[in-house]
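Quick notes on the structure that follows.
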Amino acid sequence: MKALITLGCALILGFTQNAFSQESVKVSKDDVIAAFNHDVKKTPISDEDAATFKQEVTENQPETKLDHNQFFLAVDKNPKKQNAALVFWNNDSKQFEIYGYTKVSTGSVRKKHFYSPSGWFENLPENGSFRAQGTKNENGIRGLGRKGMRVWDFGWQHSYSGLKNGPEIDIRFEMHATDPDYLEQRLGRPDSEGCVRIHNTFNSFLDKFGVIDAKYEEAGNWVLRSDRTPAADAGSWLLVFDSSKPHDKDINTRQ
């Protein structure tokens, strides 16, 4: 069974290309890393887990996507890990540099929930990134976090239910903040309907420094913050993998 659905990650709002094009002062790699260390709620992980994370990133290295110095994000959807990292691809040394970790929540196996897709996903303006309205649902939950929080949209991606005989479907794959009062404390466990939930401090950091907004900057897209200070080495990629399944390269393979 295959269907097209939009998960409860919110309605995609329309946007006007080139409606907002402001020249912003770009900041250095070191400044971005310093801000990440100062502003983001991070989580310590063991040396063993750090080595596994870097190994997964290295083994998933694309042949053509990373062809110059750039930041990108990597997410481990291992149910027992649930970590994201700020990563830098050093094209001169051909090495990945990881600068710290923060908790996330990826897709769970509850009813009507789906696994977050695996692979490389590019943050493109045509997918229609937008901002949270901060409204509450019938349960009093702000599913996308506080008003103004950024929602990164990676388009329709193939996924599947974790339930026995569950359907394979296309989901609207997004990354966003979550309710700061009720759900943020649950980060670190599979908990979403298929999207990647992140801490509000990580959301604000990524938004301010445009860490994966290189394509949006090129387009002068309206969703960009007027007070942003984009990274000179901004990229456009999100990598999602599952370290509990080292050879899980196919997002269509059931877990």
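Laboratory data are not the source of any read-out in this text; all were calculated from the coordinates shown. Everything numeric here is computed off the predicted structure, so don't read it as measured data. Neighbour counts are summed over all protein chains in view; Cβ atoms, including those assigned to glycine, are modelled from backbone coordinates with ideal geometry.
Structure summary
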| item | result |
| --- | --- |
| Among (1) surrounded by 21 or more Cβ atoms within 10 Å (Cβ to Cβ); (2) among the aromatic types (F, W, Y); (3) closer than 24 Å to P167 by Cα, the one test that W120 misses | (1) |
| The stretch 98-107 - residue that is surrounded by fewer than 19 Cβ atoms within 10 Å (Cβ to Cβ) and in contact (Cβ under 8 Å) with a residue 60 or more places away in the chain and, of those, nearest to N200 (Cα to Cα) | G100 |
| Residue satisfying all of: in the stretch 132-160; more than 19 Å from the chain's Cα centre (by Cα) and charged (D, E, K, R); surrounded by the most Cβ atoms within 10 Å (Cβ to Cβ) among these | K136 |
| The stretch 78-97, subset part of a loop (DSSP other than H, G, I, E, B) and in contact (Cβ under 8 Å) with a residue 60 or more places away in the chain, residue surrounded by the fewest Cβ atoms within 10 Å (Cβ to Cβ) | K80 |
| Selection from the stretch 88-117 of residues that are in contact with a Lys or Arg (Cβ under 7 Å, 6 or more places away or on another chain) and not aromatic (F, W, Y) | I98, G100, T102, V104, S105, T106, S116 |
